[in-house]
Amino acid sequence: TYALADAIGVPAPKTIVPKSLEDVEKYGKTIEYPCLVKPTLSHYYYKKFNKKMVRVYNIDQMLGAYRQASDAGLEIMLQEIIPGNDTLGVNYNSYFWENQPLVEFTAQQVRNAPPIFGSPCVAVSKNIPEVIEPGRKILRAMGFYGYSCTEFKKDPRDGVYKLMEVNGRHNLSTLLAVRCGINFPWIHYKHYIENELPQSMEYQYETYWIDIMRDASNSISYIKESRSIIQFLRPYISSHIFAILDFSDIRPFTQRCLYLIKRVLFYKYKY
């Protein structure tokens, strides 16, 4: 994806997929540190090492992370870090068909868990026109069709949104678009089962999506950093929808609580 983005002029972090230890050594002499060692197949890497990626601060750490993944038979990428906090991350959600964006929705990340390198635990619907064209461009170049969530991060060094990833599955935060008036899973179903092509839709801005358990687990550190309880609580006192909590069907939320408690007791995030 990153090589394709570079070829068509969609800004992205500097990235290389090394084929040998020599490639790693060559890249390690030119990149600015810290940087990331990321898997090309994240679910296999996470299953093996219980982490999504590794942040390295020098070439020795980079070589060690490469050897560890290589010994496990896993391919990795070496990628520069786009600096800045969680709020610089945005999502371009779309439904494509025959190279055309039929439905589009954009949202801003507010807080991630864990911060910076985690996945969103709070997001807000916003009109973010800067990512529309680069989002369309990369999906057209990929020949993508159906639903996708394309993630960008604004680089504070030059003010340009950089492509982070293209995710082709409905994720947990899809419920934000549903709450705002665009039900992507239903659109997908109606198209594939009933052959009904969706039409462009308006949606509600400034509505928050909250994964309450993951957000709560990072609340103390966030409040200490921002020194503002009001800022932390703003999503809860604004128009919002919870990721899992629904009092009409409480069981998924209780199961989620048990899962996260287990993670806290037996694991820790490693970045």
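Residue count for the range 82-106, restricted to those that are surrounded by fewer than 16 Cβ atoms within 10 Å (Cβ to Cβ) and not polar (S, T, N, Q): 4.
Tell me, which residue of the range 107-142 that is among the β-branched types (Val, Ile, Thr) and within 14 Å of residue 234 (Cβ to Cβ) is surrounded by the most Cβ atoms within 10 Å (Cβ to Cβ)? For the range 107-142, the residue satisfying everything is 122.
Taking residue 33, is it outside any strand (DSSP E or B), closer than 30 Å to residue 145 by Cα and either of a type outside the set (S, T, N, Q) or in the same structural domain as residue 184 (by TED's automatic domain parsing) (or both)? Judged against the criteria, residue 33 is not a match. For the residues 176, 163, the requirement of being assigned to a helix (DSSP H, G or I), assigned by TED's automatic domain parsing to the domain that holds residue 116 and touching a residue at least 12 places away in the same chain (Cβ under 8 Å) singles out 176.
The rows are residues; the columns are (1) surrounded by fewer than 20 Cβ atoms within 10 Å (Cβ to Cβ); (2) touching a Cys at 6+ places or on another chain (Cβ under 6 Å); (3) at pLDDT below 90.
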| position | (1), (2), (3) |
| --- | --- |
| 159 | yes, no, no |
| 180 | no, no, no |
| 210 | no, no, no |
| 214 | no, yes, yes |
| 217 | yes, no, yes |
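Table: residues versus (1) assigned by TED's automatic domain parsing to the domain that holds residue 222; (2) out of contact with any Lys or Arg (no Cβ under 8 Å at 6 or more places or on another chain).
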| position | (1), (2) |
| --- | --- |
| 65 | no, yes |
| 98 | yes, yes |
| 101 | yes, no |
| 110 | yes, yes |
| 124 | yes, yes |
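When you check residue 250 against the structure, is it of a type in the set (Val, Ile, Thr) and in the same structural domain as residue 99 (by TED's automatic domain parsing), yes or no? Spelling it out, it is not the case that residue 250 is of a type in the set (Val, Ile, Thr) and in the same structural domain as residue 99 (by TED's automatic domain parsing).
The values are calculated or read from the model by the stated rules, or taken from the named source; none is laboratory data. Computed from a predicted structure; not experimentally measured. Positions of Cβ are backbone-derived with ideal geometry, glycine not excepted, and every protein chain shown enters the neighbour counts.
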